[in-house]
Structure formats: C-alpha cells, structure tokens
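Asks: Below: one structure in structure tokens.
Read the figures in this text as sums done on the coordinates, not as results from a lab. Model, not experiment: these values are computed from the prediction. Don't worry about glycine lacking a Cβ; one is built from the backbone with ideal geometry, like all the others, and counts go over all protein chains shown.
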Amino acid sequence: MSTTPTWGVVATIKASAIDILNFVAHHLELGATHVWIYLDAANPEAKAQLKPHPQLTVVRTGDNYWQKTRGKKPPMHQPRQSFNVRHAYNRAKKVDWLLHIDVDEFLWPDRSITEQLAELPEECLVARVRPAEAMASEDKTDVIHFKSFIADSTLRKRIVAEIYPNFAPYLNNGFVSHVAGKMFLRTGQKDMAIKIHNVMQNGQQNPGQVELRDMALLHLHTTGWDHWMQSFAYRHKKGSYRDELGSAVPEDQGGLNLHKLFVHLAEEPDGLRQFFQEVCVATPELRAKLAAHGLLRSHQLDLDAKRRKHFPAFDM
C-alpha cells in the first residue's frame, strides 16, 4: 500500500435522489477516491447524475443483476448488502481501503482520513469506525446533535443508567440503532467473507482489527418523530428492531430486546412517544447529561452545499 493510502465507499441504497446525491457528495468532499452505489430500487433521476461522474460506479440491482450474479434476489436487505459489498470489494482495484456504509451514515473525521489509514500496521485488515447516533432537534436549526459511542465498556452500563433512567436496560450504549459501527477493509486480500459489521478470513474474525478513535460515523437514524414512525414498521419487522437481535440485558435477567419492548410500548397510551421523547430527542436535559460525560457531538453537515458543488446540474 502506498504511504498515502486511497479509500472508497460502497453502499446499497433505496432512497430519494436528493438523499443519494447528498451521501455521495459528502464522501467525495472528504476525499473518497471512488464510490460504488448499488441501487436497490430503480432511481433514474439519481442514476442520471451519478453515472457520468468519473469517481462513481452505479449499479442498478434489478432482476437481471441478481439472476446473473447470484441466481436469485435475496428477500432480506441485509444479505443483499453483504453480497454487494463483496461484489464491489472484488472490483475495488482503485483504492487501498473500502468502507461499506448506508445512505444515512456519514463519515466525520477529526483529522485526515488518509493520515489515519496510513498509520495502521500492515497486519491490520480491518479498521472500525464507531457510530454517533443523531437525535431529533426540538427547533429549526442546521446543527444536528449526536450521542457518541462509549468507548470504555467498563463504564458503559453505569453511564447509560444515569442518562436514561427509564429505558437503560433495553439500550445498548443508549442507542436505538447499531453500536458496532462499520469497517474499512484493506483491499486485495484473499478469502475475505464480508458481512455488514464483521469479516472472516480463514476462520479469523476481523483480522488485525484497529478502532479508529479520531473518526465517527454520524448515523442519521432518526431526524424527528414523523421520520421515525415512517420507518418504524419496516425496522421492527426486518431492520434494526427485528426480533432476532439481542438485548442490552439478557432476557433471563429481566431484559428485553427493542423488538419486544416496542411491542409492549405500542400497547400503552403514548408509550412509543414517551420512549422517543426520552431517548431520541435532543432536549436541553439530555444534551446536558451527554455533555457531562463527554458524549455530545454537534455538527452542521452542509449537505445541500456539498451536493450543489459536486452535482450542480441536479439543482438547475
């Protein structure tokens, strides 16, 4: 690998054209050498903008794609994502590192990404970026507040209990979405069995893994109550709230995973709304609690400006 490593991004996306272009523009602005976009649903408006760009590869994963590459389309989106990451990884000759993320996830480095990747030892094949989960704003502002990952696992349970007194047993790190983050994968390696949050090589999980402490993955899991509810049914059945996922406290110790918790809350008057208000809204009280533990991040993403810079024809 060169002393100035290059990196790229791959994503499987079903979203509006503006969301896709915002996502791509943000990562081009950060210095991505190449971005691979696998469209999980037809989006001719986005494809027309993406396809001519020399740093982008856009693939429409329709019936022909799945028939040709896999024989049939996986019914769940997680296997589709994993397959597309492997598809891109095998073709990622232009970059030294490849990162798989979603359309609502945005890298946010505290210092140069290239510099951080250059510091990794040769035996490191996996570099993990931990998430920071967005909270819904109570006022109209361009600043988004995020709750950070608690790096010290020995303090995590106590801190979460202090911040979320009513729901701590059900919350891993205080998040409603994943805490595992996503991974930069060193390209050109053999026998890499790639999943969404982990990789296996010859029986070894995440070989040489290093955590990138000077970078966060800003996860816009929810931007408000309406946005959360629009995605709730899908997430509860097939996504990040599905029943097969574990719980922060094992069920034999009195815990519930979010799937079962939300079933109970949905039966109570305003149960889901009360959960959302305590856990997902950037109230002054919650921000103060997070800040007291060094867990509050506040950022202005400026996505519209980045999109206009990299895709000026879209806004004409």
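Asks: Show which lysines lie in cross-link reach of Lys157 when reach means a straight Cα distance below 21 angstrom and same-chain residues fewer than eight apart are skipped.
Replies: Lys147, Lys260, Lys289
Asks: Excluding Ala48 itself, what net charge comes from residues whose Cβ is under 15 Å from its Cβ, given Lys and Arg +1 and Asp and Glu -1?
Replies: Spelling it out: positives minus negatives among the neighbours equals +2.
Asks: Considering only Lys237, Lys14, Lys289, give the residue with the highest GNM mean-square fluctuation for the chain, with springs between Cα atoms whenever their separation is below 10 Å.
Replies: Sorting by GNM fluctuation, first place goes to Lys237.
Asks: Evaluate the distance, in nm, between pseudo-label points positioned 7 Å from the Cα of Ala41 and of Ala291 along their respective Cα→Cβ axes.
Replies: 3.9
Asks: So what are the ³J(HN,Hα) numbers for the stretch 276-288, from phi and the Karplus equation (6.51, -1.76, 1.60; θ = phi - 60°), rounded to whole Hz, Gly and Pro as x?
Replies: Taking θ as phi minus 60°, the curve returns 4, 5, 6, 9, 10, 9, 7, 5, x, 5, 5, 4, 5 Hz for the stretch 276-288.
Asks: Along the Cα→Cβ direction, 7 angstrom out, place labels at Thr3 and Asn64. What is the inter-label distance in nm?
Replies: Result for the modelled spin labels: 4.7 nm.
Asks: Mind telling me which of Val143, Val126, Val199 comes out most flexible in a GNM of the chain, alpha-carbon contacts under 10 Å?
Replies: In this elastic network of the chain, the residue with the biggest mean-square fluctuation among Val143, Val126, Val199 is Val143.
Asks: Taking H placed 1.01 Å from N in the peptide plane, check which residues at least 5 places from Lys195 or on another chain put their amide H under 5 Å from its amide H.
Replies: Met200
Asks: Let me ask you something else. Round to a whole angstrom and tell me the spacing of the C-alpha centers of the stretch 170-186 and the stretch 277-299.
Replies: For the stretch 170-186 versus the stretch 277-299, the Cα centre distance is 18 Å.
Asks: Any idea what the relative contact order of the chain is, in percent, if you count C-alpha pairs under 8 Å spaced at least 6 apart?
Replies: Averaging sequence separation for qualifying contacts and normalising by length gives 23 percent for the chain.
Asks: Specify the longest stretch of the chain that does not include any exposed loop site, a site being one of the GluC sites (Glu not before Pro) with a non-H, G, I, E, B DSSP assignment and at most 15 other Cβ atoms within 10 Å.
Replies: 1-118
Asks: May I ask you to evaluate 6.51 cos²θ - 1.76 cosθ + 1.60, the Karplus curve with θ = phi - 60°, for each residue of the stretch 78-83 and list the ³J(HN,Hα) values in order in whole Hz, giving x for glycine and proline?
Replies: Couplings: 4, x, 5, 4, 4, 5 Hz.
Asks: Here is a further query. Check which residues have an amide H placed less than 5 Å from Trp97's amide H, if you skip close sequence neighbours.
Replies: Placed amide hydrogens put Thr6, Trp7, Gly8, Thr187 under 5 Å from Trp97.
Asks: Translational diffusion coefficient, Stokes-Einstein: compute it for the stretch 37-89 using the Kirkwood radius over C-alpha pairs as Rh, at 25 °C and 0.890 mPa s, and state it as an integer in µm² s⁻¹.
Replies: The diffusion coefficient I find is 209 µm²/s.
Asks: Another one. Run lengths n ≥ 4 of DSSP H only: what is the helix-derived mean residue ellipticity at 222 nm for the chain, with -39500 (n - 2.57) per run over all residues, to the nearest 500?
Replies: -9500 deg cm²/dmol
Asks: At 0.36 nm per residue, and after removing the present C-alpha to C-alpha distance, how many nm does the segment from Met76 to Glu138 gain when stretched out fully?
Replies: Contour length minus the Cα-Cα distance gives 18.9 nm.
Asks: Using the C-alpha gyration tensor of the stretch 1-117, what are the square roots of 5 times its eigenvalues, in whole angstrom, with the largest one first?
Replies: 24, 16, 12
Asks: A further question on this structure: Please report Tyr234, Tyr38 as a ranked list, fewest other C-beta atoms within 10 angstrom at the top and most at the bottom.
Replies: So the residues, fewest neighbours to most, are Tyr234, Tyr38.
Asks: Shifting gears a bit: Using the number of other C-beta atoms within 10 angstrom as an exposure proxy, rank Cys280, Cys124 with the fewest first.
Replies: In order of increasing Cβ crowding within 10 Å: Cys124, Cys280.
Asks: Can you list residues from other chains, or at least 5 along the same chain, whose modelled amide H is less than 5 Å from the amide H of Thr12?
Replies: Tyr38
Asks: In the neighborhood of Lys72, defined by Cβ-to-Cβ distances under 13 Å, what is the net charge if each Lys or Arg adds +1 and each Asp or Glu adds -1?
Replies: Cβ neighbours under 13 Å give a net charge of +3.
Asks: What whole-number distance in Å separates the alpha-carbon centres of the stretch 26-65 and the stretch 202-216?
Replies: Distance between centres, Cα-based: 27 Å.
Asks: Okay, moving on. Can you list the equivalent-ellipsoid semi-axes of the chain, largest first and in whole Å, using the square root of 5 times each Cα gyration tensor eigenvalue?
Replies: For the chain, the semi-axes come out at 31, 23, 21 Å.
Asks: Something else about it: Step through the residues of the stretch 171-185 one at a time and calculate ³J(HN,Hα) from phi using the Karplus curve (6.51 cos²θ - 1.76 cosθ + 1.60, θ = phi - 60°), rounding each to whole Hz and writing x for Gly and Pro.
Replies: Coupling constants for the stretch 171-185: 10, 7, 6, x, 9, 9, 10, 5, 10, 5, x, 10, 10, 6, 10 Hz.
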